[in-house]
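The values are calculated or read from the model by the stated rules, or taken from the named source; none is laboratory data. On a predicted model such as this, the values are computed, not experimentally measured, just so you know. For neighbour counting, all protein chains shown are included, and Cβ atoms are generated from backbone atoms with ideal geometry for every residue, glycine included.
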Amino acid sequence: MRKMMLEKPIATALGLGLALSVGWGFATLPLSGAETAPGVTPHVSVLKGEKNFFTGYDTHNLDGTVNVVIEIPAGTTAKYEVSIKTGLIELEQKNGAPRFVQYLGYPCNYGNIPRTILLKEKGGDGDPLDVLVLGASVPTGSVVKTRPLGVLSLIDGGEIDDKVLVALENSPFASCRSMEDLEAKFPGVTTILKTWFTSYKGRDKKGNLILSSTGFKGRAEAIRLIGDSALDYERSVITEADKRALDEKGNPRLYRWPGAKNLGE
Amino acid sequence: MRTSLSTFLHRAALACAFLPLAGQDAELLDKQFGTLQQPAYIKHYEATKSGKVLLNPYLQVATKEYPGLLNPKHSPYNWVIDAEGRVGIIQEAAHPYGRTYDKGFYRPEDKSKRKPGTTENYGHVSALAGGMGRISGEILYDKGTNSFTLNNKSGRYSKNNEDRTPEQMVNAAKLIREVVDPGSATWGPVYYLLEYSPENVREESLKRPDLAYDDAKTKSRPHLVVMPAAPAVPKAEKPVAKAEEPAVKPAAEPKTVEAAPKVEPVKGKKAKKPKAANNDDPS
């Protein structure tokens, strides 16, 4: 497991961020000389890592594991998320207040896969691919190696909001090769996850659960979803100017790479 | 203190005794799957301007502990044996730094002319980020027999090397069948393509009585069938609770594949002879 503990994250939060940071190995710092007027409560908590959390890490590693940036540790309720604009991890704000899940703490670690995107034009939410990480609780801002197991199909307000389910490397769940394997070795996990994620947002005015699920899909679907979203991210940021120029006849030029035999020379 | 020093020396001696094993493992892997070699070339679009070779977004690294998984819809795949004897598997997708050439183009790396409409795809090097590899090739789905065939077609890691023999292809195929789950399909024959073999092996193989061609009349694509298809293994259905799509079973391929009979074609469809390679693009 590759961990990056946030030693000195930038924080615009004061007391709240400090309170949240206790026990996680990082500390939020008040802005120098910042004072608040009576009745004003600082809310924003922003965490800065060694690299940009959205773009600074590869999707895959050479050993085939998938990197995940942990936003919400298992057992906690603060809704931290990676900002694709800043590459920082920010505490979500809702109606002018920090957002905490009004339910039991997350049943697993929650995060996203760097350099992936669910494009809005393809029905996505424009954010990186969300991931549920099975394993011991991991601090916010950690970048961990995982193995895909399947996909939890979720529908939020009529929109598809699927979550990839992965096992944390070197955790007990890492011995699972598939959803069947998970069900056999760790009975109840899929039921717990489905119950929690369809329940934590509560019910609508009609009394129906806001979130619904059609169940789990297998590992093949997880591999496809990760690959498609990684490819969509790269295609969305690479422009013609980033590509090597062709020669005057429109053919590629010979490229010499230091680690290759370069037989075309 | 004396005891702890003695323990330390004992452990150090024990550790030193195991050191040659690492070398032996590498030697064994060299023999089984070919020596570690740099890729023959990196195409202009495969590295960023800072020289980084992108990993394939669908990368799987198959081992006994964590088997790979195939889906006929995503064929063709490329495979490569890495330094540690693992099997890297990737899908052929359009590379984000690549282009599609409506009029075709000349590729300088292998001095070849590409057909109009050719798209620059992720190649074998995207399984290793341009790193060194052993024997390599393709995994192709054959609809007629519902099976995946294997070959040694790789312009980067198989061609232009000292080894990469038919025996190494057999060893690689045995490993792949052991650590990769073909899903609802079976394993088809294993081909050794002479166009991707070392020159000395090619010369010898051209004299073999079992030499075959994709088209005997034109003598196109000379090859050897180095392993027959594996027998179909019935898989017990075991659906995941409330799952939309059944998850895969762990790979459990038979080891006695050499003596296996060929898989019967799907009834009602005229089975075509599977081609030894997918296309003419030596990725």
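In the set A:Thr195, A:Thr146, which member is within 23 Å of B:Asn71 (Cβ to Cβ), of a type outside the set (A, V, I, L, M, F, W, C) and either more than 8 Å from chain B (Cβ to nearest Cβ) or surrounded by fewer than 22 Cβ atoms within 10 Å (Cβ to Cβ) (or both)?
Working: A:Thr195 fails: within 23 Å of B:Asn71 (Cβ to Cβ).
Answer to the check: A:Thr146.
When the range B:107-129 is examined, which residues are found to be facing chain A (nearest Cβ under 9 Å) and over 19 Å from B:Lys159 (Cα atoms)?
Of everything in the range B:107-129, just one residue is facing chain A (nearest Cβ under 9 Å) and over 19 Å from B:Lys159 (Cα atoms), namely B:Glu120.
Given the residues A:Leu152, A:Leu182, which is the only one that is assigned to a strand (DSSP E or B), surrounded by 20 or more Cβ atoms within 10 Å (Cβ to Cβ) and either within 13 Å of chain B (Cβ to nearest Cβ) or under 14 Å from the mean Cα position of the chain (by Cα) (or both)?
Result of the check over A:Leu152, A:Leu182: A:Leu152.
Here is a list: A:Thr146, A:Thr140, A:Thr76. Which entry is part of a loop (DSSP other than H, G, I, E, B), under 24 Å from A:Thr190 (Cβ atoms) and modelled with pLDDT of 95 or more?
Details: A:Thr146 fails: part of a loop (DSSP other than H, G, I, E, B); A:Thr140 fails: under 24 Å from A:Thr190 (Cβ atoms).
It is A:Thr76.
Keeping to the range B:93-111, report how many residues are under 23 Å from the mean Cα position of the chain (by Cα) and outside any loop (DSSP other than H, G, I, E, B).
Residues flagged as under 23 Å from the mean Cα position of the chain (by Cα) and outside any loop (DSSP other than H, G, I, E, B) within the range B:93-111 amount to 1.
What number goes with the only condition from (1) surrounded by fewer than 18 Cβ atoms within 10 Å (Cβ to Cβ); (2) of a type outside the set (D, E, K, R); (3) not in a loop (DSSP other than H, G, I, E, B) that A:Gly105 does not pass?
A:Gly105 satisfies all of (1) surrounded by fewer than 18 Cβ atoms within 10 Å (Cβ to Cβ); (2) of a type outside the set (D, E, K, R); (3) not in a loop (DSSP other than H, G, I, E, B) except (3).
Evaluate the following for A:Tyr80: is it buried (at least 23 other Cβ atoms within 10 Å of the Cβ), closer than 26 Å to A:Lys194 by Cα, touching a residue at least 60 places away in the same chain (Cβ under 8 Å) and of a type in the set (Phe, Trp, Tyr)?
yes
Can you find even one residue in the range A:238-257 that is of a type in the set (Gly, Ala, Ser), more than 8 Å from every other protein chain (Cβ to nearest Cβ) and either in a loop (DSSP other than H, G, I, E, B) or over 22 Å from B:Ala127 (Cα atoms) (or both)? If you could, list the steps in order and put the result at the bottom.
Narrowing the range A:238-257 to residues of a type in the set (Gly, Ala, Ser): A:241, A:245, A:250.
Applying the additional criterion that residues be more than 8 Å from every other protein chain (Cβ to nearest Cβ) yields A:241, A:245.
Restricting the remaining residues to those that are either in a loop (DSSP other than H, G, I, E, B) or over 22 Å from B:Ala127 (Cα atoms) (or both) gives A:241, A:245.
For the range A:238-257, residues of a type in the set (Gly, Ala, Ser), more than 8 Å from every other protein chain (Cβ to nearest Cβ) and either in a loop (DSSP other than H, G, I, E, B) or over 22 Å from B:Ala127 (Cα atoms) (or both): present.
Could you list, in sequence order, the residues of the range A:88-123 that are free of Cβ contacts under 8 Å to residues at least 40 places away in the same chain and of a type in the set (Gly, Ala, Ser)? Quick ask: steps written out before the conclusion?
From the range A:88-123, those free of Cβ contacts under 8 Å to residues at least 40 places away in the same chain are A:92, A:94-95, A:99-100, A:105, A:120-121, A:123; that's our starting set.
Of everything in the range A:88-123, those that are free of Cβ contacts under 8 Å to residues at least 40 places away in the same chain and of a type in the set (Gly, Ala, Ser) turn out to be A:Gly105, A:Gly123.
Inspect all residues belonging to the range B:241-250 and state whether any of them is away from chain A (no Cβ under 14 Å), within 20 Å of B:Ala172 (Cα to Cα) and either modelled with pLDDT of 50 or more or outside any helix (DSSP H, G or I) (or both).
No, the conditions are met nowhere in the range B:241-250.
Can you find a residue in the range A:240-262 that is at pLDDT 95 or above, of a type in the set (Lys, Arg) and assigned by TED's automatic domain parsing to the domain that holds A:Gly135?
The answer is no; no qualifying residue exists.
Regarding B:Gly104, is this residue out of contact with any helix residue (DSSP H, G or I) (no Cβ under 9 Å at 6 or more places or on another chain), facing chain A (nearest Cβ under 8 Å) and more than 25 Å from A:Thr146 (Cα to Cα)?
No; evaluated as a whole, the condition is false for this residue.
If you go through the range A:202-220 one residue at a time, do you hit one that is farther than 20 Å from A:Gln102 by Cα, in a helix (DSSP H, G or I) and at the interface with chain B (Cβ under 10 Å from one of its Cβ atoms)?
yes
Just checking, how many residues over the range B:130-141 are at negative phi and either surrounded by fewer than 22 Cβ atoms within 10 Å (Cβ to Cβ) or at the interface with another protein chain (Cβ under 9 Å from one of its Cβ atoms) (or both)?
2
Among the charged types (D, E, K, R), within 14 Å of chain A (Cβ to nearest Cβ) and surrounded by fewer than 24 Cβ atoms within 10 Å (Cβ to Cβ) - does that describe any residue in the range B:142-152?
No - not one qualifying residue is present in the range B:142-152.
If you check B:Phe33 against the conditions, is it facing another protein chain (nearest Cβ under 8 Å) and either buried (at least 18 other Cβ atoms within 10 Å of the Cβ) or at pLDDT 95 or above (or both)?
For B:Phe33, the condition - facing another protein chain (nearest Cβ under 8 Å) and either buried (at least 18 other Cβ atoms within 10 Å of the Cβ) or at pLDDT 95 or above (or both) - is not met.
Anything in the range A:221-237 that is facing chain B (nearest Cβ under 7 Å) and either more than 22 Å from the chain's Cα centre (by Cα) or basic (Lys, Arg) (or both)? List them, or say none.
Result: A:Arg235, single match.
Tally the residues that are outside any strand (DSSP E or B) and out of contact with any helix residue (DSSP H, G or I) (no Cβ under 7 Å at 6 or more places or on another chain), restricting the search to the range A:49-73.
16
Please go through (1) closer than 23 Å to B:Pro57 by Cβ; (2) within 11 Å of chain B (Cβ to nearest Cβ) for A:Lys163 and return the number of the only condition it doesn't satisfy.
Going through (1) closer than 23 Å to B:Pro57 by Cβ; (2) within 11 Å of chain B (Cβ to nearest Cβ) one by one, A:Lys163 breaks only (2).
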